[in-house]
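Following: one structure in structure tokens, then a few remarks.
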Amino acid sequence: MHSIFSLVFQTLFLSGIASAKSSSSDPFQIYGYGTGIGGAQLFSSGGDTFFGDYQLANDTEAAPVVFTPSDGLWLGSPNSTVFSDSDLPSWSNYTFSVPSAGSSAHDVSFISSSNSTSGVFTTGFTFYGTFIFVTGTSGSMESLWYALPTDTDGIYKLNWNTTGDDTDGKILLTLKKTPPSSSK
């Protein structure tokens, strides 16, 4: 009896792992988890990306980002539910990007359709369950996310691949589409 239970449990466990990789086309938001960053929401002003309270940025274009997968890209727009129509930031449908392999840059950012994508990677973003990865050129899933504190307490700049970044204070991150249980 014990061996049948064990076999059934292992089969269910392995099938759950195999099906954990998802390719949802539903809109979602991203939250960062790391030392001192307990599920902070990703926000942007349509360029660089940050975690924390967007209102502390003192920037009328700053907003929490809602992502929509589209043709292999992740398009980001301000979360319109937190603004009145007259206060909505002017940017929308910007392409999420990380620096290309071998790049000396580390900035995770959004690119408008009028900007060049040279030197950045704009495809390959994927979920494994609720965790966010980038599928590298070798086909492996990579999670090289990290954050740097900004001059504003509680706001952290999102970066990619610590290799070659000698900046102090790096915080390794896990990115998820799951908000923290204490999210407002």
Item to check | GNM result for the chain, Cα springs below 10 Å: residue of LEU75, LEU56, LEU158 fluctuating most strongly | outcome: LEU56
Checklist entry - Between the helical axis of 2-19 and the dominant principal axis of the chain, each derived from Cα atoms, what acute angle in degrees is found, rounded to the nearest 10? => result 30
Checklist entry - For GLN55 and THR35, FRET efficiency with R0 = 22 Å and r from the beta-carbon atoms, rounded to 0.05? => result 0.40
Item to check | Rounded to the nearest 20 debye, dipole of the chain from Cβ charges on Lys, Arg, Asp, Glu | outcome: 740
Checklist entry - So how far, in whole Å, is the C-alpha centre of the range 50-91 from the one of the range 107-162? => result 16
Checklist outcome for this item: In the chain, taking the dipole from +1 charges on Lys and Arg beta carbons and -1 charges on Asp and Glu beta carbons about the Cα centre, the listed residue (GLY32, SER92, GLY119) farthest towards the positive end is GLY32
Checklist entry - Can you list the HN-Hα couplings for the range 102-117, worked out from phi with the Karplus curve (6.51, -1.76, 1.60; θ = phi - 60°), rounded to whole Hz and with x for Gly and Pro? => result x, 6, 7, 7, 10, 6, 8, 8, 9, 10, 6, 5, 8, 9, 6, 9
Next on the checklist: Give the aspartates and glutamates whose C-alpha is closer than 19 Å to that of LYS176, dropping any in the same chain fewer than 8 places away, or say none.
Outcome noted: ASP26, ASP48, ASP53, ASP107, GLU142
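Rule-based calculations on the coordinates, nothing more; no lab input. Keep in mind it's a predicted model, so treat the numbers as computed, not measured. Don't worry about glycine lacking a Cβ; one is built from the backbone with ideal geometry, like all the others, and counts go over all protein chains shown.
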